[in-house]
Number of protein chains: 2
Amino acid sequence: MNNHLLLTHIRGALIRLEETIIFSLLERAQFKRNRAAYDSGALGDMFGAESLVEYMLHETEKIHAGMRRYTSPDEHPFFSDLPEPLLQPLRYHENPLVKNTVNLNHELLRAYTDILIPALCAEGDDAQYGSTAVCDVACLQALSKRIHYGKFVAESKYQAEPERYTTLIAAGDRHGLADAITDDAVEEALFQRVAKKAGSYSGMFLDPQSAKNFQTTVTAIYRDIIIPLTKRVEVDYLLTGKR
Amino acid sequence: MNNHLLLTHIRGALIRLEETIIFSLLERAQFKRNRAAYDSGALGDMFGAESLVEYMLHETEKIHAGMRRYTSPDEHPFFSDLPEPLLQPLRYHENPLVKNTVNLNHELLRAYTDILIPALCAEGDDAQYGSTAVCDVACLQALSKRIHYGKFVAESKYQAEPERYTTLIAAGDRHGLADAITDDAVEEALFQRVAKKAGSYSGMFLDPQSAKNFQTTVTAIYRDIIIPLTKRVEVDYLLTGKR
C-alpha cells in the first residue's frame, strides 16, 4: 500500500470508528456507574481474581480469538492467554506495519475504569451489572482499536519523512517524536468534529441538558484519554518497531 | 406497576431500542453479505452443526446466561441449553407479565438470515466473518429484545380493555386479537420516526445515496420483520399467557 492509500484508509477508518465509539458510549451511559462491576470480589468469588467486567471481557476475547480476531493487525487483546484461532488465518497482504508488540490495553482499561466511567455515568448502582459489562466490552474494544490505529498513523508519518524520524528514533528522542507526530490543527478539527457528532446523535433522543453533558464528556474523553494514548502508541511503535 | 406507568415505560424502552437497532444495523452494513458465515459447515467442521454466526451467538449467550441476562423478563435466549447464572438473580418486583414461554427467536433468526441480511448488506464475500458475526450478535440481541417487548405491549392493552380481550382469548380468535392490537396511525408514526432517525444517523457519515438506501432498508425491516414478529409475540402472549 503506498503512503497516499494508507493515509486515505487510516482517515476513513478513524472517522468511522468515531461513530462506533460514540454509539457504544451512549449505550453505556444508560446505566449507572455500578462500581461493583469493576471491583474484583465485589459480587462474590465466582470470577476468581477478576472483576465482573474483566471476566466478561476475558470470556468474550476467548470466543473472538477463536474467530481469529487478534490475527488482524488492527486488533489487540486485553488478555494474553487466549486460545488459537478455529478459523484459518486470513493473510493481510496489505499490512503496512512492521512487526511489533505494542499493546496499551492495560493502560486503556485503567483509564476507562478510573476516569472515563465516572465521567460518563451517573454515580450510583442500578444492579444492571450484566448490561453494564456488555456495554463495557463494546466500548473497550472500540477504544482499543482506535488507539492502536496509532500504529498505522505512525507508519504513515514515518514513510512521509523517513530521514527526520530515523534521526529521532536513533536518538531515542521520545519528546522529539511526540512533537513530530503532533499536529495541533488536525487535533482541534477532530475535537470539533467529535463534539458535533456527539451532540447530534445524543440530541436525537436525550433531553438538551443530557445531550450537552454527553457532548462535553465525549470531547473530554477524546482529549484526555484517546488522543494521549494514541500518541503513546505512535511513539512506542516508532521506538520499538523501527529500530 | 399501574397501566399508565407501564405504557410510559414501554414507550420509552421501544424508542430507545430504535437507536440500538439502527446503530447495530449500521455496523453490520459495513461488511458484505458473507454467506459462508451463515451456512453450517461452510468454513469447516469446527462449529459442529452450527454456522459461524450460530456458534458465536451460542457462545455469547452462554457467557450472558452466567450474567443472569435471561432471568430478566425482557430478555429471551436463542438457545435453550445455557448454564445457570453465576450471579444471584435479581428480583423483578415490577414485572407485570404473566408467566409465559413465548419465544420467537427461531423465526427471528430465520428472517434475519434470509431477508434482513440480503437487504442490508452488499452481495459478496469480504472474508470478515468474525466481524460479521460480532455485529450479527448485537443486531439479533437488539431485535429479539424489541419483538419480545410485544409481551409488555400486549399486557398493557389487555389491562386497558380486559373484557374485550378476555372474550377474544376465550374464543381463541387469533385474527380478532391481531385486529384489536393493531393501531394503524401508531404504526405509521413509528415508520416515519424510524425513517427519520435512520436517515439522520447514516447521513452523518455515509454518502447521500447510501444513506437513502439504508433509510429505506431500515424502514422495510421494521415494516416486514419487526412489526409482524412483535404482533405475533403479542397474540401468542395473550393466547397462551392469559388463558
### Task
Would you order A:197, A:99 from fewest to most other beta-carbon atoms within 10 Å of each residue's own beta-carbon?
A:99, A:197
### Query
What residue in chain A has the Cβ closest to the axis turning A into B, and how close is it in whole Å?
A:23, 2
### Query
To the nearest 20 debye, what is the magnitude of the charge dipole of the protein assembly as shown about its Cα centre, counting +1 on the Cβ of each Lys and Arg and -1 on the Cβ of each Asp and Glu?
580
### Message
Relative contact order for segment A:16-139: what percent, with Cα pairs under 8 Å and sequence separation of 6 or more?
### Response
42
### Task
Taking the dipole about the Cα centre of the protein assembly as shown, with the C-beta of Lys and Arg at +1 and of Asp and Glu at -1, give me whichever of A:206, B:235, A:134 is farthest to the positive side.
A:206
### Query
Dipole size in debye (nearest 20) for segment B:119-243 around its Cα centre, Lys and Arg Cβ +1, Asp and Glu Cβ -1?
360
### Query
Using a Gaussian network model of chain B with C-alpha springs under 10 Å, which one of B:125, B:207, B:114 is most mobile by mean-square fluctuation?
B:207
### Query
Taking only the alpha carbons of segment B:1-145, what extent do you get along each of the three principal axes, in Å, biggest first?
50, 31, 22
## Note on the structure
Of the candidates B:225, B:10, A:189, the farthest towards the positive dipole end of the protein assembly as shown (Lys/Arg Cβ +1, Asp/Glu Cβ -1, centred on the Cα centre) is A:189
### Task
Relative to the longest principal axis of the C-alpha atoms of chain B, give the angle of the C-alpha long axis of helix B:52-66, reported between 0 and 90° and rounded to the nearest 10°.
50
### Pairwise FRET efficiency - residue A:90 versus residue B:224, Cβ, R0 = 25 Å, nearest 0.05
0.15
#### Entry: Three principal axis lengths of segment A:2-52 [C-alpha, angstrom, descending]
53, 25, 11
### Task
Find every distance from the label point of residue B:3 to the corresponding label point in the other copies (7 Å from Cα along Cα→Cβ) and write them in nm, one decimal, shortest first.
7.1
### Query
How high is the relative contact order of segment B:89-243, in percent, with contacts defined as C-alpha pairs under 8 Å that are six or more residues apart?
41
### Message
As I understand it, the value is the acute angle between the Cα axis of helix A:227-241 and the longest principal axis of the Cα atoms of chain A; what does it come to in degrees, rounded to 10?
### Response
40
### Potential extension, residue B:62-residue B:103 segment - 0.36 nm per residue separation minus Cα distance
13.0 nm
### Query
At residue A:171, with labels set 7 Å past Cα in the Cβ direction, how many nm apart are the copies from this one, shortest first?
8.9
### Message
To make sure I understand, if each residue's beta carbon is the centre and we count other beta carbons within 10 Å, what order do A:158, B:112, B:149 fall in, fewest to most?
### Response
B:149, B:112, A:158
### Task
Compare B:19, B:107, B:75 in a GNM of chain B, Cα atoms joined below 10 Å, and give the one with the largest fluctuation.
B:107
### Task
Mind sorting A:56, A:46 by how few other Cβ atoms lie within 10 Å of their own Cβ, fewest first?
A:46, A:56
### Message
With a 10 Å cut-off between alpha carbons and a GNM built on chain B, which of B:63, B:117, B:227 moves the most?
### Response
B:63
### Task
Give a residue-ordered list of calculated ³J(HN,Hα) values for segment A:119-129 (Karplus: 6.51 cos²θ - 1.76 cosθ + 1.60, θ = phi - 60°; whole Hz; x for Gly, Pro).
6, 7, 10, 5, 4, x, 9, 10, 6, 8, 5
### Summary
Cα convex hull volume per residue for chain A, in Å³, equals 134
### Task
Please report the Cα spread of the protein assembly as shown along all three principal axes, rounded to whole Å, starting with the longest.
85, 53, 52
### Query
residue A:5 to residue A:185: extension gain in nm, 0.36 nm per residue of separation minus the Cα-Cα distance?
62.6 nm
### Query
How far is residue A:115 from the same spot in each other copy, in nm, shortest first, if each label point sits 7 Å from Cα toward Cβ?
4.8
#### Entry: Value in Å of the Kirkwood radius, where segment A:121-215 supplies the Cα pairs that are averaged
16.9
### Query
Nearest 10 degrees, 0 to 90: what angle lies between the long axis of helix A:3-28 and the longest principal axis of chain A (Cα atoms)?
10
### Query
Can you work out the FRET efficiency for the pair residue B:80 and residue A:50, with r the C-beta to C-beta distance and R0 = 22 Å, to the nearest 0.05?
0.20
#### Entry: Distance from segment B:140-172 to segment B:32-95 (C-alpha centre basis), Å
25
### Query
With +1 on each Lys and Arg Cβ and -1 on each Asp and Glu Cβ, how big is the dipole of chain B about its Cα centre, in debye rounded to the nearest 20?
600
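We did not get these values from a lab; they are worked out from the coordinates using the rules stated. Not measured: the values here are computed from a predicted model. Cβ atoms come from the backbone with ideal geometry, glycine included; neighbour counts cover every protein chain shown.
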